[in-house]
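Below: one structure, written as structure tokens.
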Amino acid sequence: MTIEWYPGHMRKAKQQIAEMIKNIDVVIEVLDARLPASSSNRVLAELRRNKPCIKVLNKSDLADPAVTKAWVRTFERQKGIRALPLSAKQNRQVAQLTRLCQALAPNRCKPGRSLRVMVVGIPNVGKSTLINTLAGKNMAKVGDKPAVTTCAQPIDLRNGLILSDTPGLLWPDMSDQTAAYRLASSGAIGTGAFDYTNVGLFAAEFMIQRYPEQLMARYGLTDPPDSPTALLEQVGRRLGRLAAGGAIDLHRAAEAFLRELRAGKIGRISFEEPDRRPEEAVTPPPVDAGDTPSDQP
């Protein structure tokens, strides 16, 4: 099925960001380190113009470390861009972000000249968790579902920095369905917008191609599965996702597989690499006219 997801409040968020960014010194874009390109906001590049930007590669503890290093090198070749991999829950790692903001705007962060920082990112990449860690307390609402933040709010960190939190912003054009399936695999898209079985098959095919050893270790396999369906059946059998009569419930197996993938239980993985050729990418399953978004928990 084709994934389409653009909650109505995000149109308002784009308008808010366009107006607020005029008075901002540094932009922090929070990305998912496992899929930095797919979780990078195309609209933001137009809105921020020449403002210094820090690409925070959050959830780096879940990403393939070698691939993350390649992404840092790629981003930092771009003018006005710095990249910082971290886990938003780790205070020591997040503290580096404050120093980097100060370095990018050395004339600010002085008495009477607060450093104005905007934090943006698509839903469920850890933006609110990052803000709470920076503030040292729960200033932004955090949830395990995307699109929790719905209105902008200024946050004074009492250290010369003032943050502007913004609603999760996802671009309206979901024409790149490979990116959409990666986002769904990572948990960034609301469950009502996709079919669990299709996304599970997409993620299974990717893992078979890219990280077969991790699959074999996690599920006790002697050989890599020969197809995405075979992998989900193995997962369903191992985790007890069975239907009446002992048959594998493929939907429940896909849901369990995605949950393990997102939590890092299969290992540290990255869905995309900066120099990987397009023809090497896993493509989404073909659209079936019978598919609907009803295949959800």
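Figures for the structure shown
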{"read-out": "Global form of region 11-139, assessed from the alpha-carbon gyration tensor, a/c cut-off 1.5", "value": "rounded"}
{"read-out": "Local net charge near G264, Cβ-Cβ under 14 Å (Lys/Arg +1, Asp/Glu -1)", "value": "+4"}
{"read-out": "Sequence ranges 29-40, 228-239, ranked by mean other-Cβ count within 10 angstrom, highest first", "value": "29-40, 228-239"}
{"read-out": "Violating pairs (Cα-Cα greater than 23 angstrom) within the set K51/K127; K69/K137; K22/K89; K55/K89; K14/K89", "value": "K69/K137; K22/K89; K14/K89"}
{"read-out": "Förster radius 22 Å - calculated FRET efficiency between A66 and A230 (Cβ-Cβ, nearest 0.05)", "value": "0.20"}
{"read-out": "Estimated FRET transfer efficiency (L221, Q102; beta-carbon r; R0 51 Å; 0.05)", "value": "0.55"}
{"read-out": "FRET efficiency, 1/(1 + (r/R0)^6) with R0 51 Å, evaluated for A243 and R73 via beta carbons", "value": "0.60"}
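A short reminder: the numbers here are calculations on the coordinates, not readings from a lab. All values derive from a computational prediction rather than experimental measurement. Here the Cβ is made from the backbone with ideal geometry for all residues, glycine too, and neighbour counts use every protein chain on show.
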